[in-house]
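The values are calculated or read from the model by the stated rules, or taken from the named source; none is laboratory data. If you're wondering where the values come from, they're calculated on a predicted model, not measured in any experiment. All Cβ positions, glycine included, derive from the backbone under ideal geometry; neighbour counts span all protein chains shown. Keep in mind that these areas ignore ligands, DNA and RNA; they rest on the heavy atoms of the full protein, side chains included. Shrake-Rupley method; radii C 1.70, N 1.55, O 1.52, S 1.80 Å.
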Amino acid sequence: MRLQVPFIQLPLVFDAAALMGEIAAIGEGSWRPHPQGYPGNSMLPLVAVHGDPGNEAFAGPMLPTPYLAQCPYLTHVIASLGVVIGRTRLMRLSGHAEVTTHVDQGYYWTERMRVHVPIVTHPSVRFDCGDASTHMAAGECWIFDTWRPHRVLNDADVSRIHLVVDTVGGDGFWELFARGRAHDAPRAFWQARKVSAGDESAACQFEAVNVPDVISPWELNAHLGMLFSDTIPHPHPQLEVARLHAGQLSRTWRALWARHGDGVDGRHEFRAAMNRFAADVRECGQFLVLRNDANWYDATMTMLAKFAVNDVSAVTNRKAEEVSDRG
């Protein structure tokens, strides 16, 4: 999700030692290599589709895995965020390793934030986002602009472990957001509330709906509008060519929606329309660059085309869709 500033610290602080005690009790054997095999990156799934630790999908009801069920304080921490909980993990970065520069441009993260709670860290661990840099101290709570290029450097000998919660937010969360502070704002009159294990909290609320069968014409237009508004003005006429093809896709999509809605019968027509659009903009889109330095065509295919229709051909490509998940 795009933010007005690179980093925002939320007004919560947690007991990192207590969290680490619960995590240590789970055992090293439960940690898994990062799905994309990034060196020095490993993870422990806490919330996944159907609660299955081995399920790396982004579509389906998100439920706690058996690992989270073993961790009452960790569950309490997640509930205290006041969010609808999406895919959630512990993300570990080995000493002298890095999360290389990337942008979270997949569909799942277009309208979701990544909440970070550092559990084990070191003052030398640095999080870069856009042209800003910060250190997230143990027990703090942060969000950042995932649309900007970002990376993490761990120059310490010890591993960094963060709780990472993907979420669309929630009423309680937006109250926290309003009281958050930008990373470079003064701390003098800013306070964070300590969340202890004995505090009362509401029950966790989990995502039940996250990826549509067919995106609506309104969502389609919103994504296309965002991508074009974020495109660097370019003297090349290919920008207008891309806009013309996008306009045609929008009109076709609205007509198909009026006939079929998101019903099964119309999905082959929606997929055909999106495939035509992808072919039409393949050449002109390569000339277009977004303000975060991502290629317009690649971002459009990753963020929009692959998840626009829930059909077999799209599902086949989804396993490699969210390659930027490197928290």
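Scanning the stretch 153-167 for residues that are in contact (Cβ under 8 Å) with a residue 60 or more places away in the chain, of a type outside the set (Asp, Glu) and touching a strand residue (DSSP E or B) at 6+ places or on another chain (Cβ under 6 Å) gives Asn154, Ser159, Arg160, Ile161, His162, Leu163, Val164, Val165, Thr167. Among the residues of the stretch 206-227, the one identified as surrounded by 15 or more Cβ atoms within 10 Å (Cβ to Cβ), of a type in the set (S, T, N, Q) and without any contact (Cβ under 8 Å) to a residue 60 or more places away in the chain is Asn221.
Residues checked against (1) in contact with a helix residue (DSSP H, G or I) (Cβ under 7 Å, 6 or more places away or on another chain); (2) within 17 Å of Phe307 (Cβ to Cβ); (3) polar (S, T, N, Q):
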residue	(1), (2), (3)
Asp230	no, no, no
Gln238	yes, no, yes
Ala242	yes, no, no
His245	yes, no, no
Trp253	yes, yes, no
Trp257	yes, yes, no
Asp262	no, yes, no
Gly266	yes, yes, no
Ala279	no, no, no
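Within the stretch 141-159, the set of residues being over 19 Å from the mean Cα position of the chain (by Cα) and either within 30 Å of Asp230 (Cβ to Cβ) or not hydroxyl-bearing (Ser, Thr, Tyr) (or both) comprises Leu153, Asn154, Asp155, Ala156, Asp157, Val158. Among the residues in the stretch 287-305, are any open to solvent by 10 Å² or more (accessible area, probe 1.4 Å), over 23 Å from the mean Cα position of the chain (by Cα), farther than 15 Å from Thr110 by Cα and at pLDDT below 95? Checked the stretch 287-305: at least one residue is open to solvent by 10 Å² or more (accessible area, probe 1.4 Å), over 23 Å from the mean Cα position of the chain (by Cα), farther than 15 Å from Thr110 by Cα and at pLDDT below 95. Say we look at the stretch 79-111 and pick out the residues that are aromatic (Phe, Trp, Tyr) and open to solvent by less than 10 Å² (accessible area, probe 1.4 Å); which of these is nearest to Asp128 (Cα to Cα)? Here the residue is Trp109.
For the stretch 241-262, the tally of residues that are touching a residue at least 24 places away in the same chain (Cβ under 8 Å) and open to solvent by less than 40 Å² (accessible area, probe 1.4 Å) stands at 6. When the stretch 208-239 is examined, which residues are found to be of a type in the set (Val, Ile, Thr) and touching a Pro at 6+ places or on another chain (Cβ under 9 Å)? Residue satisfying the conditions is Val209 alone.
The set of residues from the stretch 59-78 being open to solvent by less than 20 Å² (accessible area, probe 1.4 Å) and either in contact with a Ser or Thr (Cβ under 8 Å, 6 or more places away or on another chain) or among the hydrophobic types (A, V, I, L, M, F, W, C) (or both) comprises Met62, Leu68, Cys71, Leu74, His76, Val77, Ile78. Inspect all residues belonging to the stretch 7-26 and state whether any of them is among the charged types (D, E, K, R) and at pLDDT 95 or above. Checked against the condition, which is being among the charged types (D, E, K, R) and at pLDDT 95 or above, the stretch 7-26 yields at least one hit.
Residues in the stretch 167-210 that are modelled with pLDDT of 95 or more, β-branched (Val, Ile, Thr) and assigned to a loop (DSSP other than H, G, I, E, B): Val168 only. Looking at Asp184, Asp230, just one residue is open to solvent by less than 80 Å² (accessible area, probe 1.4 Å), on the phi < 0 side of the Ramachandran plot and acidic (Asp, Glu), and that residue is Asp230. For the stretch 306-327, enumerate the residues that are open to solvent by less than 20 Å² (accessible area, probe 1.4 Å) and either part of a helix (DSSP H, G or I) or at pLDDT 60 or above (or both). Result: Phe307, Ala308, Val309, Ala314, Asp325, Gly327.
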